[in-house]
1. Consider residue 171 carefully, then state whether it is within 30 Å of residue 79 (Cα to Cα), surrounded by 14 or more Cβ atoms within 10 Å (Cβ to Cβ) and at pLDDT 95 or above.
2. Identify all residues within segment 176-214 that are in a helix (DSSP H, G or I) and surrounded by fewer than 15 Cβ atoms within 10 Å (Cβ to Cβ); write none if there are none.
3. Got at least one residue in segment 216-229 being surrounded by fewer than 17 Cβ atoms within 10 Å (Cβ to Cβ), more than 22 Å from residue 78 (Cβ to Cβ) and touching a residue at least 24 places away in the same chain (Cβ under 8 Å)?
4. Considering every residue within segment 64-79, establish whether at least one is under 30 Å from residue 201 (Cβ atoms), modelled with pLDDT under 95 and surrounded by 11 or more Cβ atoms within 10 Å (Cβ to Cβ).
5. When you go through (1) within 20 Å of residue 82 (Cα to Cα); (2) touching a residue at least 60 places away in the same chain (Cβ under 8 Å) one by one for residue 175, which number turns out not to apply?
6. Sort out which residues of segment 87-124 are in contact (Cβ under 8 Å) with a residue 40 or more places away in the chain, within 14 Å of residue 167 (Cα to Cα) and surrounded by fewer than 16 Cβ atoms within 10 Å (Cβ to Cβ), and write them in order of number.
């Protein structure tokens, strides 16, 4: 005797109490179980290399680059006041006061450097008389030590000459002229000023004056270059 599919369902519903859940076998017949999905593994890729000290330093912000030391040509006055060697002293003093400078290079008719005139050379006119220059060397005569005062006539005459000078060439400092080239480092120029006790350095190319460097210019260069000594 064959029972139809609809009759089988009716008998199964009648045999199961109301509210009861169907058995596992019935569920297997009614709803075939879906095949399990294979688990997919996440591809993580290769592990990044461990950071080395060099790499860590490379990633850090670079320190600010130090400003290089300026050269004389970067801080000098490229338009200096120049005095002619044959200029009268009174005119030279007026020029220096009008420009508010303490000194100036002295040039000849060709524009070549021949000296430097500063306030120190002119202040002797305010003194009105040379200083008394004496040297006191110990002199031994027999068994007794005697001190003899000797006058330094050379220094005396030089000061008297400055007092009586009527032109720039007569009043300016004589001897070796200290100058620097435009490419001279600022620190070297500063050492020249200190060692020679001067406030002004002519800047020359060959014998031609192309600028002037003063102590004030060096201070400006120190500040502008953010010197660690300030």
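1. Judged against the criteria, residue 171 is not a match.
2. Answer for segment 176-214, where residues must be in a helix (DSSP H, G or I) and surrounded by fewer than 15 Cβ atoms within 10 Å (Cβ to Cβ): 187, 188, 191, 194, 195, 196.
3. Within segment 216-229 (the criterion being surrounded by fewer than 17 Cβ atoms within 10 Å (Cβ to Cβ), more than 22 Å from residue 78 (Cβ to Cβ) and touching a residue at least 24 places away in the same chain (Cβ under 8 Å)), the answer is yes, since at least one residue qualifies.
4. yes
5. The one condition residue 175 does not meet is (2).
6. If the condition is that a residue be in contact (Cβ under 8 Å) with a residue 40 or more places away in the chain, within 14 Å of residue 167 (Cα to Cα) and surrounded by fewer than 16 Cβ atoms within 10 Å (Cβ to Cβ), then 88 is the only one that fits.
The values are calculated or read from the model by the stated rules, or taken from the named source; none is laboratory data. Computed from a predicted structure; not experimentally measured. Don't worry about glycine lacking a Cβ; one is built from the backbone with ideal geometry, like all the others, and counts go over all protein chains shown.
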